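A.B. asks: Structure in structure tokens, see below.
The values are calculated or read from the model by the stated rules, or taken from the named source; none is laboratory data. The shown structure was predicted, so the numbers you read here are calculated from the model rather than taken from an experiment. Reconstructed Cβ throughout: ideal geometry from the backbone, glycine too, with neighbour counts over all protein chains shown.
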Amino acid sequence: MTSSAPRSDRRADPGAEVAPGPGPAPADRLWSADFRRYFTARTVAMLGDTMLPVALSAGLLSYGYSAGDIGLVMAASTACFAGLVIFGGVFADRFDVRAQMIGADLIRVCTQSTAAFLFLTHRVRLWEVLVIAAVNGTAAAMFQPGVASTVVRVAADVQGANAVTRTAESVAGLAGPAFAGVLVGVASPGVVFAVHASTYLTSAVCLILLRLAPPPPRAAAAASFRADLAEGWREFTARTWMWSVIVVWMAFMVCVIGPYTPLAAGRIIPEHGAGAYGLVNSALGGGTAVGALLALRVRAAHPLRAGSLALFATALMPASVGLDLPMAALCGCVFVAGAGTAYWGVNWATSVQTQVPNDILNRIHAYEVAGSVAMVPVGQALAGPAAAAFGADRVLRTGGVVAVAVAAALLAVPAVRDLRRVPVPAHPAPAERPEPAGGLPAG
């Protein structure tokens, strides 16, 4: 039966915790064999994901499809992800989360291999690409919830794990599109899709090789899928610090992140050229890497308070474009904004992973991901009408004001401001065990 009371009591009283001393945790607590496998899986897959937009855009345009068609394909993937990730969280808590993640990777090996075949044989039809995108989005929804609980099983230093993974994500964001552009130029978009499929295969193999102890047993088995879903929502809403962040973050997505991408591109490219826009994105990626590395070194006793302070820097990103600053100043502002975003992101992810019991972590992570992602397309859809009505520069400057308001709102919530860091992960990575007979990994 499903327990009716929230299970936040299964964490030590946050107010009683003593903040650890400054400085990073020893490296040997982070780079265990299991974490190296997990890090490889995530890094390679993220590299492939950053290559996909280039291959998709170049491929569809080469067959005469429009930018609207490209947006439709991307929206199909995003909609399936946002709509189904909550269910993926329930499945991950009910069944073997690692098997679910491996299955999602293998499905995407098949879909991207199919896309590669279609583009290499010149048999591209839009409806087929839409179906592939929808399946990919669904597979991502089944994969993503397991990330949170896997991190706490493979790394004793959870914040360090999040920081180095975020750094790798930033580097992938810089290298992936460039690599994809080279492949499209010397070969074809189909080759990029084939490489993308290979990254998911690499991820699946690394996850198969993980040697994990079984996760902590659930305190009480839910009677049904629907009961699990309801329990996840109840546990999510029982944590004021969590749901209040998501509510505020939804406003951030709608008013800042959603409009920024299309409006910044429309503002920078016509005036400074596509190369300048690429430079701005590179500055953002570089700042994100620096912010993640900063989170590896600076571990505040109140992580969400420190992260919220860093979020003030994100106002520089839309405001600098809206104010039409010189390119050097624009890149500097975007760099600082990226650092602030990454520092917040690492502290947020670590807080979720260390404050929530393992047996409901996948569902709660799914709820917070769904709440964040769902608002991005809303902001993107409203960007055009808002720019037509008020002007793109004014919308971007307003985004800067909203970013400041978001950071201030987070600091104004006592549950967010006063949340203390958990000095020792609640689910430390287990010691590696010898493989059982037959060569199959444990766990």
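A.B. asks: Any idea which of R218, R226, R211 is at pLDDT 75 or above, outside any helix (DSSP H, G or I) and within 25 Å of T150 (Cα to Cα)?
C.D. replies: Numbers: R218 fails: at pLDDT 75 or above; R226 fails: outside any helix (DSSP H, G or I).
After ruling out the rest, the residue left standing is R211.
A.B. asks: While we're looking at this one, here's another question. Go through region 57-93 residue by residue and tally those that are acidic (D, E) and within 27 Å of H122 (Cβ to Cβ).
C.D. replies: From region 57-93, those acidic (D, E) are 69, 93; that's our starting set.
With within 27 Å of H122 (Cβ to Cβ) added as a condition, the list becomes 69.
Here the count works out to 1.
A.B. asks: If we keep just the residues of region 91-147 that are free of Cβ contacts under 8 Å to residues at least 40 places away in the same chain and among the charged types (D, E, K, R), which is nearest to C80 (Cα to Cα)?
C.D. replies: Step by step, filter region 91-147, then rank; the result is E128.
A.B. asks: Another question, if that's okay. Which residue out of V124, V182 is out of contact with any strand residue (DSSP E or B) (no Cβ under 6 Å at 6 or more places or on another chain) and in a helix (DSSP H, G or I)? Steps first, answer last, please.
C.D. replies: On the way: V124 fails: in a helix (DSSP H, G or I).
Every option except V182 fails the conditions.
The rows are residues; the columns are (1) under 16 Å from the mean Cα position of the chain (by Cα); (2) of a type in the set (V, I, T).
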position: D49; (1), (2): yes, no
position: L56; (1), (2): no, no
position: Y63; (1), (2): no, no
position: D69; (1), (2): no, no
position: L72; (1), (2): no, no
position: A79; (1), (2): yes, no
position: F91; (1), (2): no, no
position: V97; (1), (2): no, yes
position: I102; (1), (2): no, yes
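A.B. asks: Something else about it: Evaluate the following for Q144: is it buried (at least 19 other Cβ atoms within 10 Å of the Cβ), closer than 20 Å to G48 by Cα, in contact with a Phe, Trp or Tyr (Cβ under 6 Å, 6 or more places away or on another chain) and at pLDDT 85 or above?
C.D. replies: No.
A.B. asks: Can you pull out the residues in region 254-279 that are modelled with pLDDT under 90 and within 29 Å of A370 (Cβ to Cβ)?
C.D. replies: To start, the set of residues in region 254-279 that are modelled with pLDDT under 90 comprises 254, 257-279.
Answer for region 254-279, where residues must be modelled with pLDDT under 90 and within 29 Å of A370 (Cβ to Cβ): V254, I257, G258, P259, Y260, T261, P262, L263, A264, A265, G266.
A.B. asks: Would you mind telling me which numbered condition in (1) more than 25 Å from A295 (Cβ to Cβ); (2) over 20 Å from the mean Cα position of the chain (by Cα); (3) touching a residue at least 24 places away in the same chain (Cβ under 8 Å); (4) surrounded by fewer than 21 Cβ atoms within 10 Å (Cβ to Cβ) V321 fails?
C.D. replies: Tallying (1) more than 25 Å from A295 (Cβ to Cβ); (2) over 20 Å from the mean Cα position of the chain (by Cα); (3) touching a residue at least 24 places away in the same chain (Cβ under 8 Å); (4) surrounded by fewer than 21 Cβ atoms within 10 Å (Cβ to Cβ), V321 fails exactly one: (4).
A.B. asks: Do we find that A315 is more than 30 Å from G89 (Cβ to Cβ) and in contact with a Gly (Cβ under 6 Å, 6 or more places away or on another chain) in this structure? Walk me through it before giving the result.
C.D. replies: Details: more than 30 Å from G89 (Cβ to Cβ): yes; in contact with a Gly (Cβ under 6 Å, 6 or more places away or on another chain): yes.
In short, yes.
A.B. asks: Please go through (1) in a loop (DSSP other than H, G, I, E, B); (2) at pLDDT below 90; (3) crowded, with 21+ Cβ neighbours inside 10 Å for V369 and return the number of the only condition it doesn't satisfy.
C.D. replies: Against the list (1) in a loop (DSSP other than H, G, I, E, B); (2) at pLDDT below 90; (3) crowded, with 21+ Cβ neighbours inside 10 Å, V369 comes up short only on (1).
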